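**Student:** Please see the structure below; I have some questions.
Only the coordinates and a few stated rules stand behind these numbers; no lab work does. Predicted model, so just to flag it, every value in this text is computed and none were measured. Quick reminder, even Gly has a Cβ in these numbers, built from the backbone with ideal geometry, and neighbours come from all protein chains shown.
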Protein chains: 4
Amino acid sequence: MGMVGGGEGAFIGQVHRYAAALDGEIELVCGAFSSDPEKSRRSGEALHLPAERVYASYQQMMQHEATLPAGERMQFVAIVTPNHMHFPVAAAALHAGFHVMSDKPATFDLQQALQLRELVRDTGLLYGLTHTYTGYPLVKEARDRVLAGELGAVRKVVVEYPQGWLASREDEADNKQAAWRLDPQQAGISCCMGDIGVHAANLAEYITGQKISRVCADLGAVVAGRTLDDDGSILLRFDNGARGVLMASQISVGEENALRIRVYGERGGLEWSQQEPNTLWLKWHDQPTQMLRTGLPYLGVVATANTRTPNGHPEGYLEAFANLYMAFAGQVRAFELGVDADERSADCPGIDDAVRGMAFIELAVAASNSDVKWHAFPQH
Amino acid sequence: MGMVGGGEGAFIGQVHRYAAALDGEIELVCGAFSSDPEKSRRSGEALHLPAERVYASYQQMMQHEATLPAGERMQFVAIVTPNHMHFPVAAAALHAGFHVMSDKPATFDLQQALQLRELVRDTGLLYGLTHTYTGYPLVKEARDRVLAGELGAVRKVVVEYPQGWLASREDEADNKQAAWRLDPQQAGISCCMGDIGVHAANLAEYITGQKISRVCADLGAVVAGRTLDDDGSILLRFDNGARGVLMASQISVGEENALRIRVYGERGGLEWSQQEPNTLWLKWHDQPTQMLRTGLPYLGVVATANTRTPNGHPEGYLEAFANLYMAFAGQVRAFELGVDADERSADCPGIDDAVRGMAFIELAVAASNSDVKWHAFPQH
Amino acid sequence: MGMVGGGEGAFIGQVHRYAAALDGEIELVCGAFSSDPEKSRRSGEALHLPAERVYASYQQMMQHEATLPAGERMQFVAIVTPNHMHFPVAAAALHAGFHVMSDKPATFDLQQALQLRELVRDTGLLYGLTHTYTGYPLVKEARDRVLAGELGAVRKVVVEYPQGWLASREDEADNKQAAWRLDPQQAGISCCMGDIGVHAANLAEYITGQKISRVCADLGAVVAGRTLDDDGSILLRFDNGARGVLMASQISVGEENALRIRVYGERGGLEWSQQEPNTLWLKWHDQPTQMLRTGLPYLGVVATANTRTPNGHPEGYLEAFANLYMAFAGQVRAFELGVDADERSADCPGIDDAVRGMAFIELAVAASNSDVKWHAFPQH
Amino acid sequence: MGMVGGGEGAFIGQVHRYAAALDGEIELVCGAFSSDPEKSRRSGEALHLPAERVYASYQQMMQHEATLPAGERMQFVAIVTPNHMHFPVAAAALHAGFHVMSDKPATFDLQQALQLRELVRDTGLLYGLTHTYTGYPLVKEARDRVLAGELGAVRKVVVEYPQGWLASREDEADNKQAAWRLDPQQAGISCCMGDIGVHAANLAEYITGQKISRVCADLGAVVAGRTLDDDGSILLRFDNGARGVLMASQISVGEENALRIRVYGERGGLEWSQQEPNTLWLKWHDQPTQMLRTGLPYLGVVATANTRTPNGHPEGYLEAFANLYMAFAGQVRAFELGVDADERSADCPGIDDAVRGMAFIELAVAASNSDVKWHAFPQH
């Protein structure tokens, strides 16, 4: 793979590299790691890349890689830039004939996401989106159990994603990530919903198999002086009539990355927390709550296929991330062989999630700005 | 004390009796335990009461007790009937010159609560309301720390109260409590908000010292065939501008009585869960989260005064309940002595909480029925 | 009941009073609360006792109460003094014809315990011992499940009881309890094992239904300058060949009262912790771990009969303690009626536990002082 | 690196490969994956290795690799065979001039470990031992805090390692690992202590900086028909006089891989559990317990240097394993440069841990077989 973004000091670029490397199936062969050519060069060097495969710009990278022999050139591009660059880079990659694995949110705005979908359809190339949390084995187990009807019809979903890292303006000062995420020119129309609310929405839809149909939103810039939201709560309805609440916050001081979901059906409920990802709780009416654990034989084939170590050997965020990369790599392999991807490979968020995520962000902001209570999730 | 309601098979009447008995300061001397005289008689006998102090009706009890000498008659009435009887019994007690300790919600509707407030003011008698959860020592500690400014200005409150006991219609069938709580004639206009949502609202206001100023509500009768709500989520604003979310549910299958609150200020956050009530979490930006525990010397005087056992000897629901009774008993003692109640005795929910609770319930229902997003909390 | 000990400032006397009062079935009618008559008087006054039933000494109390009419005099004596007074007071009570409910350890040494057993047998009176932790509903559930064979034959027991309150000599200085517990004249030959180790041993035998048959002990006075042990670890064998480890410590700084037991059988395991007493974990080989909770319908009749509130309303230490008092009160009632106590009333530690506990303490100390590895638990 | 062992179906070989791959600094270039040449070939193929670098035996691998040019041949050998092969392979590697990274326990018996130490000293080559659990960032933080004296002098250590996977003979039947671990010809004189007890001992010494000086051991073959121990408990003394308990078990049914350590000093205590490795508890006498979390700025430089993701993004077993590989790779780099390894690279268990671990296993078995209580840890 080649990488755009993720130079020195970046967080998510390094995460993508760990995730891609873990299984020994994906090799980083080139990159344009920064819009600053010198910084890109230094980053490539630190990554032991040959100098000629470290590019001064993503345009140069697409152009040059496309000229290399098939067995040698990169097979797909990992995009790990700030949001506003996701679309131009993805478009350039697709135009140049490369598959795309993109960080989320997919684009700067919904309009771009729709354009991107066109482009993916037109080129027939592959597109993956790193909604990481769907990569955890027990998230997959949760989904399987809900879809199999174990809980009965879903009635209620509570998904929350509190963080505290943007609780004060001082935190922004020397934090590169804070700077761009709070800047409407780079992040888009939302900070909190665009960064983490969209993960929560995606997770809720992934696990329940239901689509959000209506929202009532209350977003705010809690810390004085901010343009974009740093906190938001949203009442939800799903296609099947289920109710829900989605909370995302970056000012919940003392919270880390506390994504957590609870789903209640007619007969049972479940709970999963990202910070202790190897435990899945199943709750029943008059039977004891069950604690399911990663790696045990009572789990389904999907969870099992996405697990690397025996039970009791905790897997974490990088392994979840690597599961997405494994799936996407499987798609790429199948593409090259001209066959359909197998079920595991297909299980990676894609262009539809990209569009849906951007639609969610725009809907949340619009609904929050409105005095009307409920707003329908538009069809795209 | 005398008791109205709480005959054979009732839940909350027995709880009031345990709570009143624990400290050896309050004696149950009489009661009208059921609207069925024979059932009242049997209940009184089981409680070792003399037959002549077990009454066939609350009216009879008020009338007869008032004729007894001062040192002998009951000093206050504990009301533990279904909601629709709270007001008539309380009014009769006050008219007859007895203080009142009432289960919540205070009355059948707001109108009655306002009348009750008049009556309390006119008679000059004491009125206590068992918002039990404010009786826990660590809830008091939480309040003290927030009011002392340790967290900085409050910005965000998440209070949730999921239960699962009404998840299916079958559960109702042979459950006396379910029957009256879901019956608009006995429960009032709300089941879930009236039963537990009002606790959550009270707890949020108690700990933060802020009043709810606006709500955006989404209540529902999730289980088919119900008239009253069994689930609801409410977006909140507080007087100081803080945001909040209140969730209450009786259809979250597998949940027990999982009241939980999180408060985030500018500098710190806190978390408390009713099911593990002896732990209070304080969260900080760049310092380790602290786990505070009941009974330890670093706690404040209020928490300490409301604790009976050394740390590590878990206190629970009955002890919290008993704390309200201890406070109310202190008020009664002070009343008899003609002095002001001390600080600890004053720390028991009263008639203002009664009015506020009923106003909250009506507001929640009205807001939920409206297409307008935000609804102001009315002044009464 | 009458009480000996438990005057102003005492911890365990107040706990006994709460426990006895909770259910409204036991009334404190007299007491000799201190060896200091004036202090006894003040304590009795604070407890609203009539002056003539507050005695200057336990001898006076036994003598005088025995002269009162049957319906008026105390029915049993609660003993809550330091250890060295347990036996003389119990003996005096039995000689005077009163049943005894004693705090643990039963006596100052094993010799006294054996004498006490003689006396109990000779008088035919009742004797109860407050091994409080056996009063928790989920401890009873654990026992029931083990005895029913759900886990298969018991193979391994780990019981631990870490506390930190004696971690430094300064802690002793102004702590009345520390003073006598560390004084061989008042506590006997052991501090840590006599105070808490004996609880752990009792709990292990109660839950498993197996008796400790051999020990290998390592006790120590970790804090310099102490005569008695403040920490100890013991390897165990049980009658059926099961292995075990018992750890007790008062110098595990930062620990509260963290009694915890794990039992593993051929097919399943269980875990219970006193600080979160409303949760019982059942563990299985290839099935999810189950979390059982107090008050739920899947629990057995014994746990249910020892529970006062609905699930999710946490019960604690005082409720467990009150369960022992309820059982003992049931024995007293049955005794008066001349009938056998029912099963629930019989479920209270008695004179055999008293002897066994003292034998355990002496064995632990002797084994710790020996270079020989294993020491058999003697028959008495 | 080259690998010996770890062919199809093996657990630990794959773990070593993940760990080595994660950081993109170590490349698997060759291997002898099985004593069955065909199986080795298939395994190498699945790992995308060129056929000529997949060897039929480790002897062949050492011989052939040594003939390759320096820039091309493997730099070190990862040994992931059953125990009885650790020494011969390590010896062959060292004789052929290759550094060794070995799974634990280091050798089949102590005698071999002493020989191995000679060989390491004689060749001047590097030797690393994968006591994985010392690779966790919060284990390193724990060590740093203890060594810095934050807890005061260490007084008490409780380290436990319960597993349940060998709870029944049926489990063995179709479990390759169980087969060799319970076979004295392949595993050595101990199953449980050799497999996991030695990890626990290593962890206790790593965190406290104290060496075990005496043991009193009770090992057993709990499941009928076994030759080697499947459970054991050991009383400990450390060099500084601290007391301890070490428990290891493979028959604690329902437990996964629940390594957990508690250390108590004069002023404070700490607790860490492998199954929730991103939390470290610090406990204090009269101050709230603190919950430290991976990735936060209050942690020391060592923990921080061994962390890959921001706080709240859980790291797990593979990341801990990779930390050992990163350290060892740093040693190899420094070796090649002829400089001393930096502090981080030096922080990997080595030949002294290898000898100490084997001595611990032999001591535990000997002490368990003896009627004498205490046995000194011999100097080697």
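**Student:** Where does the protein assembly as shown land on Rg(C-alpha)/(2.2 N^0.38 Å)?
**Tutor:** 0.96
**Student:** So which of B:Lys176/B:Lys211; A:Lys104/A:Lys373; A:Lys156/A:Lys373; A:Lys104/B:Lys283; C:Lys176/D:Lys156 end up more than 31 Å apart by C-alpha?
**Tutor:** B:Lys176/B:Lys211
**Student:** Same structure, new question: Write down, largest first, the equivalent ellipsoid semi-axes of region D:124-245 in whole Å, where each equals the square root of 5 times an eigenvalue of the alpha-carbon gyration tensor. Each step should come with its number before you reach the end.
**Tutor:** Working: eigenvalues 182, 60, 33 Å².
Those come to 30, 17, 13 Å.
**Student:** Could you give the Stokes-Einstein D for region B:23-118 in µm² per second, using the C-alpha Kirkwood radius, 20 °C, 1.002 mPa s?
**Tutor:** 155 µm²/s
**Student:** Computed over the Cα atoms of region C:204-243, what is the convex hull's projected area averaged over all directions, in nm²?
**Tutor:** 3.3 nm²
**Student:** Okay, moving on. Would region C:248-303 count as rounded, prolate or oblate if I go by the C-alpha gyration tensor, calling it rounded below 1.5 in a/c and otherwise prolate when a/b exceeds b/c, oblate otherwise?
**Tutor:** Numbers: a/c = 2.64, a/b = 1.52, b/c = 1.74.
Oblate is the answer for region C:248-303, as a/c is 1.5 or above yet b/c matches or exceeds a/b.
**Student:** Averaged over peptide D:263-276, how many Cβ atoms belonging to another chain are found within 10 Å of each residue's Cβ?
**Tutor:** Partner-chain Cβ atoms within 10 Å, mean over residues of D:263-276: 4.
**Student:** Run through the other copies and list how far each one's label point is from that of D:Gly97, in nm with one decimal, shortest first; the point sits 7 Å from Cα along Cα-Cβ.
**Tutor:** 4.5, 10.2, 10.9
**Student:** When the expected Rg is taken as 2.2 N^0.38 Å, what fraction or multiple of it is the alpha-carbon Rg of chain D?
**Tutor:** 0.97
**Student:** Once label points are set 7 Å from the Cα along Cα→Cβ at both A:Ala148 and A:Gln59, what is their separation, rounded to one decimal in nm?
**Tutor:** 5.3 nm
**Student:** Taking the Cα centre of region B:1-109 as origin and charging only Cβ (+1 Lys, Arg; -1 Asp, Glu), how large is the dipole, in debye to the nearest 20?
**Tutor:** My answer is approximately 100 debye.
**Student:** Using the Kirkwood radius built from alpha carbon pairs, what does the Stokes-Einstein equation give as D for region C:223-380 at 25 °C and 0.890 mPa s, in µm² per second?
**Tutor:** Answer from the Stokes-Einstein relation: 128 µm²/s.
**Student:** What is the fewest-to-most order of D:Met1, C:Met193 by other Cβ atoms lying within 10 Å of their Cβ?
**Tutor:** D:Met1, C:Met193
**Student:** How far is it, in nm, from the label point at A:Tyr298 to the one at A:Gln186 when both lie 7 Å from their Cα along the line to the Cβ?
**Tutor:** Spacing of the two 7 Å Cα→Cβ label points: 4.7 nm.
**Student:** Could you give the angle, 0 to 90 degrees to the nearest 10, between helix C:110-123's Cα long axis and the longest principal axis of the Cα atoms of chain C?
**Tutor:** Compared with the principal axis, the helix lies near 60 degrees.
**Student:** Taking the dipole about the Cα centre of region B:37-193, with the C-beta of Lys and Arg at +1 and of Asp and Glu at -1, give me whichever of B:Leu116, B:Ser102, B:Gly152 is farthest to the positive side.
**Tutor:** So the residue we want is B:Gly152.
**Student:** What average count of beta carbons from other chains do you get within 10 Å of the Cβ of residues in B:151-160?
**Tutor:** Average per residue, whole number: 4.
**Student:** Using a 10 Å cut-off on Cβ atoms, rank the peptides D:177-186, B:7-16, C:353-362 from the highest mean neighbour count down.
**Tutor:** Going from most to least packed, we get C:353-362, B:7-16, D:177-186.
**Student:** Further, regarding this structure: Placing +1 at every Lys and Arg Cβ and -1 at every Asp and Glu Cβ, with all other atoms neutral, what dipole size does the protein assembly as shown have around its Cα centre, in debye to the nearest 20?
**Tutor:** 0 debye
**Student:** Can you tell me the 0 to 90 degree angle between the C-alpha axis of helix C:137-147 and the longest principal axis of chain C, rounded to 10?
**Tutor:** Once rounded, the angle reads 50 degrees.
**Student:** Restricting the count to DSSP beta bridges whose residues both fall in the protein assembly as shown, what percent are antiparallel, rounded to a multiple of 5?
**Tutor:** About 65 percent, rounded to the nearest 5.
**Student:** Right, next: Charges on Cβ only, +1 for Lys and Arg, -1 for Asp and Glu, centred on the Cα centroid of chain B; of B:Ala78, B:Gly164, B:Leu182, which one is farthest towards the dipole's positive end?
**Tutor:** In chain B, that residue is B:Gly164.
**Student:** Shielding of A:167-179 by partners, i.e. mean partner chain Cβ atoms within 10 Å per residue?
**Tutor:** Across A:167-179, the average partner-chain Cβ count within 10 Å equals 1.
**Student:** Bin width 10 Å, origin at 0, all Cα-Cα pairs of region D:85-168: what percent of pairs per bin?
**Tutor:** 14, 31, 26, 25, 3
**Student:** Treat the count of other C-beta atoms within 10 Å as a stand-in for reagent exposure and order C:Tyr161, C:Tyr298, A:Tyr133 from fewest to most.
**Tutor:** Least crowded to most crowded, the residues run C:Tyr298, A:Tyr133, C:Tyr161.
**Student:** Sorted from shortest, what are the nm distances separating the label point of B:Leu114 from equivalent points in the other copies, each placed 7 Å from Cα along Cα to C-beta?
**Tutor:** 5.1, 8.0, 9.4
**Student:** Say a label goes 7 Å from Cα toward Cβ at A:Arg169 in every copy; what distances in nm does this one have to the rest, shortest first?
**Tutor:** 5.6, 5.8, 7.5
**Student:** If you don't mind, another one. Can you name the residue in chain A whose Cβ lies closest to the A-to-B rotation axis, and give that gap in whole Å?
**Tutor:** A:Lys373, 2
**Student:** About its Cα centre, how strong a charge dipole does chain A have in debye, to the nearest 20, once Lys and Arg get +1 and Asp and Glu get -1 at the Cβ?
**Tutor:** Result for chain A is approximately 700 debye, rounded to the nearest 20.
**Student:** Moving on. Placing +1 on the Cβ of each Lys and Arg and -1 on the Cβ of each Asp and Glu in chain B, which of B:Phe328, B:Val89, B:Gly5 has its Cα farthest towards the positive end of the resulting dipole?
**Tutor:** Towards the positive end, the residue furthest out is B:Phe328.
**Student:** Which ³J(HN,Hα) values, rounded to whole Hz and listed in residue order, are derived for region B:78-90 from phi using the Karplus coefficients 6.51, -1.76 and 1.60 in 6.51 cos²θ - 1.76 cosθ + 1.60 with θ = phi - 60°, glycine and proline given as x?
**Tutor:** For region B:78-90, the Karplus curve yields 9, 9, 9, 7, x, 3, 5, 8, 4, 5, x, 5, 4 Hz.
**Student:** Restricting to Cα atoms and excluding each atom paired with itself, what does the Kirkwood estimate give for region C:73-131 in Å?
**Tutor:** Kirkwood radius, region C:73-131: 11.0 Å.
**Student:** Related question: Can you give the FRET efficiency for C:Leu68 and C:Arg344, using 1/(1 + (r/R0)^6), R0 = 22 Å, r = Cβ-Cβ distance, to the nearest 0.05? Working shown, then result.
**Tutor:** Numbers: r = 30 Å, r/R0 = 1.34.
Efficiency, rounded to the nearest 0.05: 0.15.
**Student:** Percentage of Cα-Cα pair distances in region A:216-314 greater than 24 Å, rounded to whole percent?
**Tutor:** 44 percent
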